[in-house]
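Student: Take a look at the following structure, please.
The values are calculated or read from the model by the stated rules, or taken from the named source; none is laboratory data. No experiment lies behind these values; they were computed from the predicted model shown. Backbone-built Cβ (ideal geometry, glycine too); neighbour counts: all protein chains shown. What goes into the accessible areas is simple: the full protein's heavy atoms, side chains included, and nothing from ligands, DNA or RNA. Shrake-Rupley method; radii C 1.70, N 1.55, O 1.52, S 1.80 Å.
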Amino acid sequence: MTLRPTVDFLLHDWLHVETLQERVRFADHSRETFDAVLDTCERIAREKYAPFNRLVDTQEPHFDGERVILPQATHDAQKAYAASGMLSAAQDYEIGGMQLPYTVEAAANAFFAMASVSIGSGMLTTGNANLLMVHGTEAQKQVFALNEFSGRFSGTMCLSEPQAGSSLSDVSTRAVPDGADFADDPLGPRYRLKGNKMWISAGEHELTENIIHLVLAKIPDENGKLVPGTRGISLFIVPKKMVNTAGELTGERNDVALAGLNHKCGWRGTTNTLLNFGEGKYPVGGEAGAVGYLVGQAGKGLHCMFHMMNEARIGVGMAATMLGMAGYLASLDYAKNRPQGRPMGPAGKDPAQPPVRIIEHADVKRMLLAQKSYCEGALALELYCARLVDEQHTADAAAADDARLLLEVLTPIAKSWPSEWCLEANSLAIPRDFPVEQYWRDNRLNMIHEGTHGIQAMDLLGRKVLMEGGKGLTLLAGRINDTIQRAIHVPEFAAHANALGQALAQVGAATKAAWATGEPTDALANAVPYLQAFGHTVLAWVWLDVALAAHAAPESNARTGRLAAMRFFFHYELPKIGAWLQVVSSRDQTCAALSEEAF
Ligand SMILES: Cc1cc2nc3c(=O)[nH]c(=O)nc-3n(C[C@H](O)[C@H](O)[C@H](O)COP(=O)(O)OP(=O)(O)OC[C@H]3O[C@@H](n4cnc5c(N)ncnc54)[C@H](O)[C@@H]3O)c2cc1C
């Protein structure tokens, strides 16, 4: 059993990606070119990533006082990834890209996430360069983004600080104009940055010639004070090594110093760093202060950064999905081979019988079907969101705007649902000291980075379902109702269509009830149960829609499996939303009102 047939089914039988060829941007593509990309990525993931997943977990990055040392396998994997052209897959032909639909790019990247989630940091490099292609100047694109797409440089995102994690308004890194001619630098208005950035992934290594940090910092006002809140945040390009306008290294190091490597429970193949900016360890031109070039307008840094964060959120959701999938496939293999226990007969168990393989026990099948329904459902959701990205970029104006709004509403689910439920899949998959233990540790961090679970939940209930007069929620309800209308006419799906209709109505009513007093403290007191119920309703919709495509396909074991996973989700999972929405609708204060002394 491999991932590929599921990916092919979702891309072609369900999402019909080949219809994207009708768009001018993708006109040169065909099923053959999509298959060639998937074949290449599957092969590189199998040869350069999967065999070293354990190694990068046990041989953690270490600092020898001068350099951060990573296993040779990490260097080889990253070289192979860059050589495949995947860093610039979605970019224009003129700059060496493939103009590949994002849906296919996301599917191709799934193979790497499943083989070894932490060996590569391509997601950060691509996200960083994509941001610059949208918000950077021509020179910034040429010097920084293009060299990231080629794999010569790599990228980071530097948001968090020791005192500013979820609350980015508390960022205290300062950026001051660098000299009287600061505005005239060909690489963008030049500043000097001072501050500390915490938990920075891929913040220091020798994998590439240079590291391009995208750093959030505040420019002090005329009194030297930092503007409170997020309004004062600006975005800067801070290269680890100084470069000239031709993109060549000048030989001078920028004032960015590694203060330490963080040890984490998972994702150990990727360095995670505390970086000191501007402490004077590597003075530039004899002066302390890290040189940074402003991206976009001053004070609009968070807006620019969101371009990278939204992509990264879908990427994290896909990573969580693939870790769950890796565990599912490993446990399926184990369950098919492990003999244990006797079958239950009318007269109880017969000890004289040989043991059966554990996949023959109903409870093991329950655990396997739960994993399948979580992971294949999450993969469908991620690919659906990726397809919306393509719609947003290439559909006509009205459809593109719908896709934008749908993505706004679905992004917290795309990030958080797999982080919770594909982690649960990993829990179900762990029999003892199986490789799945590492998948679980890797996956556990996905509920934390790119906005914690709690923050995503507040974003969904506090902002996304309300924005633009609730239009995003209405659009989503419209899509769900379309699926219900198609399913209600298929006798074996009619009950599921009704259940989905009721779930949607329950979510709608709970959204209103949560906001009935208009008080955010009431509404958001149970934001995570709301996220769970909303997410389960979305997944039930995705599964019913996938089941309609499966139903139209010829009989096969895969078809039977997909229909069973859909039924599992409706029978065992969707009914849970009642309990979650109960506390949301009643604005239950059991948690919110408890004094800390009572704990
Ligand atoms: C593997 C990994 C990689 C990372 N890589 C990067 C990176 O490359 N760049 C980068 O900038 N950062 C990175 N981070 C940092 C990450 O973005 C932060 O960990 C995250 O934003 C949470 O911040 P925190 O850890 O300070 O937790 P806190 O913000 O202190 O949160 C702790 C808990 O309190 C809850 N909480 C906080 N505020 C609220 C609130 N207002 N309402 C309700 N609940 C709240 C949170 O949900 C969480 O449960 C990474 C983290 C990890 C684990």
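Student: Using the structure shown, decide if Ala553 is away from the ligand (no atom under 16 Å from the Cβ), part of a helix (DSSP H, G or I), among the small types (Gly, Ala, Ser) and open to solvent by less than 50 Å² (accessible area, probe 1.4 Å).
Tutor: So Ala553 fails the test.
Student: Quick check on Asp522: is it within 30 Å of the chain's Cα centre (by Cα), more than 29 Å from Met367 (Cβ to Cβ) and either among the β-branched types (Val, Ile, Thr) or part of a helix (DSSP H, G or I) (or both)? Even if it seems obvious, please write down each step before you answer.
Tutor: Details: within 30 Å of the chain's Cα centre (by Cα): yes; more than 29 Å from Met367 (Cβ to Cβ): yes; either among the β-branched types (Val, Ile, Thr) or part of a helix (DSSP H, G or I) (or both): yes.
Here the answer is yes, as Asp522 does meet what is asked.
Student: Just checking, which of Gly151, Gly179 is over 20 Å from Gly195 (Cα atoms), more than 10 Å from the ligand (Cβ to nearest atom), out of contact with any strand residue (DSSP E or B) (no Cβ under 7 Å at 6 or more places or on another chain) and in a loop (DSSP other than H, G, I, E, B)? Spell out how you get there, then give the answer.
Tutor: Numbers: Gly179 fails: over 20 Å from Gly195 (Cα atoms).
That would be Gly151, the only listed residue that is over 20 Å from Gly195 (Cα atoms), more than 10 Å from the ligand (Cβ to nearest atom), out of contact with any strand residue (DSSP E or B) (no Cβ under 7 Å at 6 or more places or on another chain) and in a loop (DSSP other than H, G, I, E, B).
Student: Would you mind stating whether Gln485 is without any contact (Cβ under 8 Å) to a residue 24 or more places away in the chain and either over 25 Å from Pro418 (Cβ atoms) or in contact with a strand residue (DSSP E or B) (Cβ under 6 Å, 6 or more places away or on another chain) (or both)? Steps first, answer last, please.
Tutor: Working: without any contact (Cβ under 8 Å) to a residue 24 or more places away in the chain: yes; either over 25 Å from Pro418 (Cβ atoms) or in contact with a strand residue (DSSP E or B) (Cβ under 6 Å, 6 or more places away or on another chain) (or both): yes.
So Gln485 passes the test.
Student: With respect to Leu207, determine if the residue is buried (at least 24 other Cβ atoms within 10 Å of the Cβ), within 16 Å of the ligand (Cβ to nearest atom), of a type outside the set (Gly, Ala, Ser) and under 30 Å from Ala77 (Cβ atoms).
Tutor: Numbers: buried (at least 24 other Cβ atoms within 10 Å of the Cβ): no; within 16 Å of the ligand (Cβ to nearest atom): yes; of a type outside the set (Gly, Ala, Ser): yes; under 30 Å from Ala77 (Cβ atoms): yes.
So Leu207 does not fit the description; no.
Student: Go through (1) more than 16 Å from the ligand (Cβ to nearest atom); (2) part of a loop (DSSP other than H, G, I, E, B); (3) closer than 28 Å to Ala380 by Cβ for Val117 and report which single condition fails.
Tutor: (1)
Student: Tell me the residue from Asp184, Asp170 that is within 12 Å of the ligand (Cβ to nearest atom), surrounded by fewer than 19 Cβ atoms within 10 Å (Cβ to Cβ) and more than 18 Å from Pro283 (Cβ to Cβ), please. Lay out the reasoning, then the answer.
Tutor: Values: Asp184 fails: within 12 Å of the ligand (Cβ to nearest atom).
Among Asp184, Asp170, only Asp170 is within 12 Å of the ligand (Cβ to nearest atom), surrounded by fewer than 19 Cβ atoms within 10 Å (Cβ to Cβ) and more than 18 Å from Pro283 (Cβ to Cβ).
Student: Do we find that Ala335 is free of Cβ contacts under 8 Å to residues at least 60 places away in the same chain, in a helix (DSSP H, G or I) and among the aliphatic types (A, V, I, L, M) in this structure? Before you say what the answer is, go through the steps one by one.
Tutor: Values: free of Cβ contacts under 8 Å to residues at least 60 places away in the same chain: yes; in a helix (DSSP H, G or I): yes; among the aliphatic types (A, V, I, L, M): yes.
Judged against the criteria, Ala335 is a match.
Student: Considering segment 444-478 alone, what residues qualify as being within 12 Å of the ligand (Cβ to nearest atom), part of a loop (DSSP other than H, G, I, E, B) and either more than 21 Å from the chain's Cα centre (by Cα) or among the aliphatic types (A, V, I, L, M) (or both)?
Tutor: If the condition is that a residue be within 12 Å of the ligand (Cβ to nearest atom), part of a loop (DSSP other than H, G, I, E, B) and either more than 21 Å from the chain's Cα centre (by Cα) or among the aliphatic types (A, V, I, L, M) (or both), then Ile448 is the only one that fits.
Student: Mind counting the residues in segment 210-255 that are among the aliphatic types (A, V, I, L, M) and either away from the ligand (no atom under 14 Å from the Cβ) or modelled with pLDDT under 95 (or both)? Quick ask: steps written out before the conclusion?
Tutor: Taking segment 210-255 first, the residues among the aliphatic types (A, V, I, L, M) are 211-212, 214-217, 219, 226-227, 233, 235, 237-238, 242-243, 246, 249.
Retained after the next criterion (residues that are either away from the ligand (no atom under 14 Å from the Cβ) or modelled with pLDDT under 95 (or both)): 219, 226-227, 237, 242-243, 246, 249.
Counting residues in segment 210-255 that are among the aliphatic types (A, V, I, L, M) and either away from the ligand (no atom under 14 Å from the Cβ) or modelled with pLDDT under 95 (or both) gives 8.
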